[in-house]
Amino acid sequence: MDTIATLPIILVLFNIVTFCLYWWDKEAAHDGHWRVSEARLLQFAFFGGSLGAVAAQRILRHKTRKEPFRTRLMAILILHALLIPAALIFGPSLYRMLLAG
């Protein structure tokens with residue numbers, strides 16, 4: 001498998017990990033245990049797990065009223081919504097240019 005084909009698989013796995021991280025934090029909040037910081041949750045969303053983060057927020061009803069967390073997560077999702085189409089459109093030609101040197 002080449003690099004471009006493995007990228008969607010990595011993104012899906014990272015979103016699953018992000019969803020699980022939100023689930024873990026929700027359980028910890030409920031049980032009074034160690035929590036995952038909001039900064040860490042947003043980092044996982046920013047580095048590719050935005051869909052998993054938003055899905056966890058909706059399904060688990062976790063961090064739905066926390067501001068500015070909610071706004072920051074939506075900003076990350078919008079950023080990804082803009083970057084992914086741009087990467088799909090311009091990425092292959094940029095990749096070829098990089099390989100050509």
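The values are calculated or read from the model by the stated rules, or taken from the named source; none is laboratory data. These figures come from a predicted structure and were not determined experimentally. Here the Cβ is made from the backbone with ideal geometry for all residues, glycine too, and neighbour counts use every protein chain on show. Surface areas here come from the heavy atoms of the whole protein model, side chains and all, with no ligands, DNA or RNA. Shrake-Rupley method; radii C 1.70, N 1.55, O 1.52, S 1.80 Å.
The figures follow:
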read-out	value
Residue in region 55-62 that is under 11 Å from the mean Cα position of the chain (by Cα) and either surrounded by 10 or more Cβ atoms within 10 Å (Cβ to Cβ) or at pLDDT 90 or above (or both) present	yes
For SER37: the one exception among (1) modelled with pLDDT of 95 or more; (2) surrounded by 13 or more Cβ atoms within 10 Å (Cβ to Cβ)	(2)
Which numbered condition ALA55 fails, given (1) free of Cβ contacts under 8 Å to residues at least 40 places away in the same chain; (2) among the aliphatic types (A, V, I, L, M); (3) out of contact with any Asp or Glu (no Cβ under 8 Å at 6 or more places or on another chain); (4) closer than 27 Å to ILE4 by Cα	(1)
Check on THR3, among the β-branched types (Val, Ile, Thr) and surrounded by fewer than 13 Cβ atoms within 10 Å (Cβ to Cβ)	yes
Unmet criterion (only one of (1) under 29 Å from LEU88 (Cβ atoms); (2) open to solvent by less than 50 Å² (accessible area, probe 1.4 Å)) for ASP25	(1)
Residues of region 63-76 that turn out to be surrounded by fewer than 15 Cβ atoms within 10 Å (Cβ to Cβ) and not in a helix (DSSP H, G or I), as a count	5
